[in-house]
1. Given points 7 Å out from each Cα along the Cα-Cβ axis, report the ARG177 to LEU252 separation in nanometres with one decimal.
2. Under 8 Å for C-alpha pairs, at least 6 residues apart: give me the relative contact order for region 151-297, rounded to a whole percent.
3. Could you give the nm distance between label points at ASP286 and GLU267, where each point is 7 Å from its Cα heading toward the beta carbon?
4. Determine the shape class of region 141-242: with a ≥ b ≥ c the square roots of the Cα gyration tensor eigenvalues, call it rounded for a/c under 1.5, and otherwise prolate if a/b is greater than b/c, oblate otherwise.
5. Taking all protein chains together and a probe of 1.4 Å, list VAL15, VAL287 from the most accessible to the least accessible.
6. For helix 160-179, report the angle its Cα long axis makes with the longest principal axis of the Cα atoms of the chain; keep it between 0 and 90° and round to the nearest 10°.
7. When a/c reaches 1.5 or more, the comparison of a/b and b/c decides; with that in mind, is the chain rounded, prolate or oblate per its Cα gyration tensor?
8. Would you mind telling me which residue in VAL96, VAL65, VAL184 has the biggest mean-square fluctuation in a Gaussian network model of the chain, where springs connect alpha carbons within a distance under 10 angstrom?
Amino acid sequence: MTEEHEAPHGATVLVTGATGDIGRAVVADLLAHGYRVVGADLRAPDAETGCAAFAAGNLADAGTVSGVYDTLQATAGDSPVAGVVHLAAYPAPGIVSEDETLRSNVLAAYLVLQEAGRRGIPRVVAASSLSAVGLAWADRDLHPVYVPVDEEHPNLTVDSYGLSKVMSEEAAAFTTRRFGTETVMLRFPFVGMGERLKTRLASTHEDAGRARRELWGWLHTEDAAASVRAALTAPLTGHHVVNVAAPDTEALEPSRELLAVYHPDAEIRDGFGGHDSLFATARMRDVLGFTPRHTWR
Ligand SMILES: NC(=O)c1ccc[n+]([C@@H]2O[C@H](COP(=O)([O-])OP(=O)(O)OC[C@H]3O[C@@H](n4cnc5c(N)ncnc54)[C@H](O)[C@@H]3O)[C@@H](O)[C@H]2O)c1
């Protein structure tokens, strides 16, 4: 990343979902790189975050969202608002009902994006998910049409969480058309570090079949945070959907072996081998100029 893509020192960023796993890492990463951060979440943080301001409330409510942006603009004062990072969502099915997962995730994304557009904030970076492809939370075994799965892969969703991410991506494209806001939707795989990552790797190493629906994708939480910062500063315009995943799988078995057992009919494209990720990440490198740094191997 060259100097001209660095944030103006002291620029302010709104981070929604700031109390969550990825949100806490994003806040810490932005603060470490000279940003001021305004946090927002349903839940107030239980420890000091370093945020210049924190707004607790439900972002699936228009009045709350408007209040959060008032707090953002009051906190920024005369300094620039670099952008909004929207992470607030129920990150899986089953936390609340199917209907509420869809309603809350989509409405919060729509409202946060629209308000950024209306207020002339230049860029919104938001967490989508590789679940938007449809395999991860399906109530049946689905298979990729081809691998590596890129951002143009057909939508196979049959679950409301995956649909909430597809619809959030649509809300971002809509915001770009409507207001000219730059929008970057990051499609994350399983994201973890520490105990969460250890437990996940142990489970997959015991039985690779357990992660067949997630196609063995993974990303270290600190890399997720760094990718968010890259998406805030990358020289881009318009709307982008970008896969962000580690270059390898979380599995011990080579990727072609996994495919032969669990997804034998998937077309295998170009030079694919070793423990290569089943997700294509050319756009991550080309559009964001980003490469993950962490490996578990
Ligand atoms: N963790 C993963 O493996 C993973 C993978 C792919 C995508 N994602 C996406 O990344 C984002 C962050 O996930 P996470 O793992 O940090 O989840 P998390 O549950 O730890 O954090 C999400 C935060 O959003 C808040 N939130 C939820 N709905 C809200 C609402 N309506 N208004 C205000 N706050 C609300 C929650 O209180 C929570 O603190 C989510 O959008 C999730 O879908 C996560």
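1. Here the answer is 5.0 nm between the modelled labels.
2. That works out to 27 percent.
3. Going by the 7 Å Cα→Cβ label model, 1.8 nm.
4. Here region 141-242 falls in the oblate category.
5. Final ranking, largest accessible area leading: VAL287, VAL15.
6. Approximately 50 degrees, to the nearest 10.
7. prolate
8. VAL96
The values are calculated or read from the model by the stated rules, or taken from the named source; none is laboratory data. The structure displayed is predicted, hence computed values, not measured ones. Positions of Cβ are generated from backbone atoms using ideal geometry, with glycine treated the same way; all protein chains shown enter the neighbour counts. SASA here: full protein model, heavy atoms, side chains in, ligands and nucleic acids out. Shrake-Rupley method; radii C 1.70, N 1.55, O 1.52, S 1.80 Å.
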